[in-house]
Amino acid sequence: MKIALCQTNTIIGDLDFNKAKIIEGYNKALQDSVDLVIFPELSLVGYPPQDLVEKKEFRDEVNKAAKEIALITGEVAILFGAITENNHLTGTAVHNSALLCYNGKIQFVQHKTLIPNYDVFDEMRYFDMALEAKIFNFKGEKLGISICEDIWNDEDYWYKRRYSIDPVKNLIEKGATILINISASPYAYHKREDRQKMLSVLTKHDKIPLAYVCTVGAQTDLIFDGASMCFDSNGKLVMLGKAYEEDYFIFDTCKKYPEIINSEKCFEEEILNALIYGIREYCNKLNFRKVVIGLSGGIDSALVTYLAVHALGKENVHVILMPSQFSSDGSIIDSEKLIANLGISSENISIQPVVDKINEILSPAFHNLPQGLAEENIQARVRGLYLMAIANKFNYLLLATGNKSEMAVGYCTLYGDMSGGLAVIADVYKTDVYRLANYININKEIIPEEIITKVPSAELKPGQKDQDSLPEYDLLDKILKMYLEENKEISEISHLIGDEKIVKFVLRLVDLNEYKRRQAAPALRVSIKAFGYGRRYPIVQGWRK
């Protein structure tokens, strides 16, 4: 069977746009004389649609659009993702479904069986599970159609499974000769490699070819990398879609293809590509043409500026230098060097006159108490005021520059350096920020070496260094990764680190600063556990004081 895979980028809720994408892909495939054209999970709706699913008017329009797509079909079949309804008296009565259409009608519907309810997935809120997975006879083949999570429960691959049933195994037992999985699987580093290994084990064990089509695009914080995959009946990856862009290719189950060994590039290249794509998508889908960034002379803002230039072009990136009495000469010089290297526009606007006036006005209310954190934060908040004013005046998107390490322990200022519409590197640890900066400079110095080698500092008081308040970032990030991503407990982390006092100190900071993260801009997700929707921790709680 000749199967065309259409790896499309959708806009959530824009049914006309998404429908046009599906019809365009179908018409293209007709010219290639294929048997079947497949599109990703919820490709008519966009993923994740969240509470749009609860709107009856929206569901009705989805149903209408699905029928309109079916009407344009002939003998060549089309398979795409949509939401469907039934008359169940229990549950949501709504399904995440795959619709198979040909000869002008919807001929077959397969609902999603495994409904994920962990990390960034909240599908149980919206969808009922399928009662049965069925095969469909089409052009001499028995199609085993599944949707995303349905294929992530193979007992031959997973040591511990999330679900007691395996819908794909059921399809194989019913005689499926070709597996098709339509997916919307968010990217995190190493996930594509895991996906390749899992699907390889599945197809090799069951001696069956697989066409796996995954959506591409970024939807707010979630980045979908595409990289659709086809496997032969020997478990070999034989076709691989492009990463971070739309793609179209044909998989002929009767042909022999050379094996593709690697599906994922090195950490630095993958993360840079994902973040650049995330910025570009966020701006394009929200109609922002230009961005503004507060350039401090530190490595975080330097990296975000580099990413923005590669996402949008240097002509669309504007930076603001905002020195104070505590800013070193090097911070200005290093920033100016980066500006020249990237060829971007800039302004230098001192915050000191405004800070001095605020301190003067507030002095009576502060009752001559010693200066401290409040005065430091005034500086950060004046910078936030400047940046937001310029963003509003010129319709720029303000990019926040805080990293994951800072966000984790609250080493950031609400309404100050946390201001912005998108937190670009808030899922990148500080040590990985350095790793990315060094990779960027591998052939040519783009981020000035002085920025990379200087001691990190917020420069909000004389001689300030990050490590006055925090452990060294190498140690801090090890603790954070074990706690946030590996879900290890205090005792286990303390044993591995060898210092219980520091571990308790760090984890207390993480737990106490949930209130800040809850008010932060959306963070582009590139790890298996990012702050935001995928990590729901109570702000007010008494588990560990």
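The values are calculated or read from the model by the stated rules, or taken from the named source; none is laboratory data. Computed from a predicted model, the values in this text were never measured in an experiment. Positions of Cβ are generated from backbone atoms using ideal geometry, with glycine treated the same way; all protein chains shown enter the neighbour counts.
Does the range 250-263 contain any residue that is in contact (Cβ under 8 Å) with a residue 12 or more places away in the chain, outside the structural domain of Val34 (by TED's automatic domain parsing) and among the acidic types (Asp, Glu)?
For the range 250-263, residues in contact (Cβ under 8 Å) with a residue 12 or more places away in the chain, outside the structural domain of Val34 (by TED's automatic domain parsing) and among the acidic types (Asp, Glu): absent.
With the structure loaded, tell me whether Ser164 is farther than 25 Å from Lys2 by Cβ and not in a helix (DSSP H, G or I) or whether it fails that test. So that I can check it myself, show each step before the final result.
Values: farther than 25 Å from Lys2 by Cβ: yes; not in a helix (DSSP H, G or I): yes.
Here the answer is yes, as Ser164 does meet what is asked.
When residues of the range 467-486 are filtered for being without any contact (Cβ under 8 Å) to a residue 12 or more places away in the chain and part of a loop (DSSP other than H, G, I, E, B), how many remain?
2
Would you check which residues across the range 190-239 are in a strand (DSSP E or B), more than 27 Å from Lys174 (Cα to Cα) and not β-branched (Val, Ile, Thr) and list them?
Step one: list which residues in the range 190-239 are in a strand (DSSP E or B), which gives 210-214, 216-219, 222-226, 229-231, 237-239.
From the residues that got through so far, the ones that are more than 27 Å from Lys174 (Cα to Cα) too are 216-219, 222-226.
Passing the criteria: Gly217, Ala218, Gln219, Leu222, Phe224, Asp225, Gly226.
Cβ-Cβ below 7 Å, separation at least six or inter-chain, first residue in the range 331-345 and under 20 Å from Pro456 (Cβ atoms) and in contact (Cβ under 8 Å) with a residue 12 or more places away in the chain, second among the acidic types (Asp, Glu) and in a helix (DSSP H, G or I): which pairs?
Listed pairs, sorted by first residue: Asp334/Glu450.
What's the number of the only condition in (1) within 30 Å of Tyr429 (Cα to Cα); (2) among the polar types (S, T, N, Q); (3) surrounded by fewer than 20 Cβ atoms within 10 Å (Cβ to Cβ) that Ser233 fails to meet?
Single failed check for Ser233: (1).
Take the residues in the range 378-411 that are in contact (Cβ under 8 Å) with a residue 24 or more places away in the chain and charged (D, E, K, R), then tell me which one is farthest from Gly298 (Cα to Cα).
Arg381
Is it the case that some residue within the range 289-296 is assigned by TED's automatic domain parsing to the domain that holds Lys465 and surrounded by fewer than 23 Cβ atoms within 10 Å (Cβ to Cβ)?
Quick first cut of the range 289-296, residues assigned by TED's automatic domain parsing to the domain that holds Lys465 only: 289-296.
Restricting the remaining residues to those that are surrounded by fewer than 23 Cβ atoms within 10 Å (Cβ to Cβ) gives 289-290.
Yes - at least one qualifying residue is present in the range 289-296.
Checking Ala380 against (1) closer than 23 Å to Ser324 by Cβ; (2) out of contact with any Gly (no Cβ under 6 Å at 6 or more places or on another chain); (3) part of a helix (DSSP H, G or I): exactly one of these is not met. Which one?
Here Ala380 clears every test but (2).
Report yes if Glu315 is surrounded by fewer than 19 Cβ atoms within 10 Å (Cβ to Cβ), within 29 Å of the chain's Cα centre (by Cα), farther than 20 Å from Gly420 by Cβ and among the acidic types (Asp, Glu), otherwise no.
Details: surrounded by fewer than 19 Cβ atoms within 10 Å (Cβ to Cβ): yes; within 29 Å of the chain's Cα centre (by Cα): yes; farther than 20 Å from Gly420 by Cβ: yes; among the acidic types (Asp, Glu): yes.
Judged against the criteria, Glu315 is a match.
Could you give me the residue pairs with C-beta distances under 6 Å whose first residue belongs to the range 281-302 and is over 23 Å from Thr10 (Cα atoms), whose second residue is of a type in the set (Lys, Arg) wherever it lies, and which are 6+ apart or on separate chains?
Short answer, once both residue conditions are applied: Gly294/Arg383.
Here are Gly217, Gly278: which of them is small (Gly, Ala, Ser), assigned by TED's automatic domain parsing to the domain that holds Leu143 and buried (at least 24 other Cβ atoms within 10 Å of the Cβ)? Explain how you work it out, then say what you get.
Values: Gly278 fails: assigned by TED's automatic domain parsing to the domain that holds Leu143.
That would be Gly217, the only listed residue that is small (Gly, Ala, Ser), assigned by TED's automatic domain parsing to the domain that holds Leu143 and buried (at least 24 other Cβ atoms within 10 Å of the Cβ).
Identify, please: which residue in the range 422-466 is out of contact with any helix residue (DSSP H, G or I) (no Cβ under 8 Å at 6 or more places or on another chain) and assigned to a helix (DSSP H, G or I) and is, among those, surrounded by the most Cβ atoms within 10 Å (Cβ to Cβ)?
Within the range 422-466, the match that is surrounded by the most Cβ atoms within 10 Å (Cβ to Cβ) is Glu449.
Considering only the range 257-294, state which residues are under 22 Å from Tyr429 (Cα atoms) and part of a loop (DSSP other than H, G, I, E, B). Walk me through how you get there before you give the answer.
Within the range 257-294, the subset under 22 Å from Tyr429 (Cα atoms) is 264-280, 282, 293-294.
Passing the criteria: Glu264, Lys265, Cys266.
For the list (1) crowded, with 21+ Cβ neighbours inside 10 Å; (2) under 26 Å from the mean Cα position of the chain (by Cα), I need the number of the one condition that Pro167 fails.
Every condition holds for Pro167 apart from (2).
Which residue is modelled with the lowest pLDDT, if the candidates are limited to the range 130-159 and must be over 17 Å from Ala184 (Cα atoms) and of a type in the set (A, V, I, L, M, F, W, C)?
Step one: list which residues in the range 130-159 are over 17 Å from Ala184 (Cα atoms), which gives 130-144, 154-159.
This time we only want the ones that are of a type in the set (A, V, I, L, M, F, W, C), so: 130-131, 133, 135-136, 138, 143, 158.
On the way: Ala130: 94, Leu131: 90, Ala133: 94, Ile135: 97, Phe136: 98, Phe138: 97, Leu143: 98, Trp158: 79.
Only one residue fits best here, namely Trp158.
When you scan the range 498-515, do you find a residue that is basic (Lys, Arg) and closer than 13 Å to Ala408 by Cβ, even just one? Write out each step before concluding.
We begin by selecting, within the range 498-515, every residue basic (Lys, Arg); these are 501, 504, 508.
With closer than 13 Å to Ala408 by Cβ added as a condition, the list becomes 508.
Yes: the range 498-515 contains one or more residues that are basic (Lys, Arg) and closer than 13 Å to Ala408 by Cβ.
Which of the residues belonging to the range 110-148 are in contact (Cβ under 8 Å) with a residue 12 or more places away in the chain, part of a strand (DSSP E or B) and not small (Gly, Ala, Ser)?
Gln110, His111, Ile135, Phe136, Phe138, Glu141, Lys142, Leu143, Ile145, Ile147
Could you list, in sequence order, the residues of the range 244-253 that are in a strand (DSSP E or B) and surrounded by fewer than 22 Cβ atoms within 10 Å (Cβ to Cβ)? Lay out the reasoning, then the answer.
Step one: of the range 244-253, the residues in a strand (DSSP E or B) are 247-252.
Within the range 244-253, Asp247, Tyr248, Phe249, Ile250, Asp252 qualify.
Does the range 491-502 contain any residue that is among the hydrophobic types (A, V, I, L, M, F, W, C), modelled with pLDDT of 95 or more and under 18 Å from Lys404 (Cα atoms)?
No - not one qualifying residue is present in the range 491-502.
Run down Lys430, Lys465, Lys404 and say which single residue is more than 27 Å from Phe267 (Cβ to Cβ), in the same structural domain as Ser328 (by TED's automatic domain parsing) and out of contact with any strand residue (DSSP E or B) (no Cβ under 7 Å at 6 or more places or on another chain).
On the way: Lys430 fails: more than 27 Å from Phe267 (Cβ to Cβ); Lys404 fails: more than 27 Å from Phe267 (Cβ to Cβ).
Of Lys430, Lys465, Lys404, the one residue that is more than 27 Å from Phe267 (Cβ to Cβ), in the same structural domain as Ser328 (by TED's automatic domain parsing) and out of contact with any strand residue (DSSP E or B) (no Cβ under 7 Å at 6 or more places or on another chain) is Lys465.
Checking Asp154 against (1) over 27 Å from Lys207 (Cα atoms); (2) in contact with an Asp or Glu (Cβ under 8 Å, 6 or more places away or on another chain); (3) not in a strand (DSSP E or B): exactly one of these is not met. Which one?
Just one mismatch for Asp154, condition (1).
For (1) within 21 Å of Val304 (Cα to Cα); (2) in a loop (DSSP other than H, G, I, E, B); (3) at pLDDT 95 or above; (4) not polar (S, T, N, Q), each residue gets a yes or a no:
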site	(1), (2), (3), (4)
Glu336	yes, no, yes, yes
Ile339	yes, no, yes, yes
Glu347	yes, no, yes, yes
Val355	no, no, yes, yes
Leu369	no, yes, no, yes
Leu387	yes, no, yes, yes
Leu398	yes, no, yes, yes
